[in-house]
Amino acid sequence: MANRNITLSLPEELVRKAKVIAAERDTSVSALVAELVEHLAGGSEDFDRAWAHEIDRMTHSGMSVGDVTWTRDQLHDR
């Protein structure tokens, strides 16, 4: 994938911290920001995958919670 330059306006203290973190990880601030954005963009995919896995586990566990025999009003004592 081709890279594209963007301009960010960040507080000086945050830029200083980002530079320190990037240096500790032997990378650039640009790579650090790209990694963070990739993580945020992929977050929903990770959640969807984990949710599907849990639904599959519950479906195939053999457990049953039974039928719902109450109404919402009864449940909340209205």
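Just so it is clear, none of the values below were taken in a lab; they were calculated from the coordinates. Model, not experiment: these values are computed from the prediction. Positions of Cβ are backbone-derived with ideal geometry, glycine not excepted, and every protein chain shown enters the neighbour counts.
Miscellaneous remarks
- Some residue of the stretch 31-49 being surrounded by 10 or more Cβ atoms within 10 Å (Cβ to Cβ) and in contact with a Ser or Thr (Cβ under 7 Å, 6 or more places away or on another chain): no
- Of the residues making up the stretch 8-45, those that are hydroxyl-bearing (S, T, Y) and part of a helix (DSSP H, G or I) number 2.
- Taken together, the criteria place L8 among residues that are touching a residue at least 12 places away in the same chain (Cβ under 8 Å) and more than 21 Å from the chain's Cα centre (by Cα).
- Of all residues in the stretch 9-19 being surrounded by 10 or more Cβ atoms within 10 Å (Cβ to Cβ) and not basic (K, R), the one that is nearest to E38 (Cα to Cα): A18
- Residue that is farthest from the chain's Cα centre (by Cα), among those in the stretch 46-68 that are small (G, A, S) and outside any loop (DSSP other than H, G, I, E, B): A52
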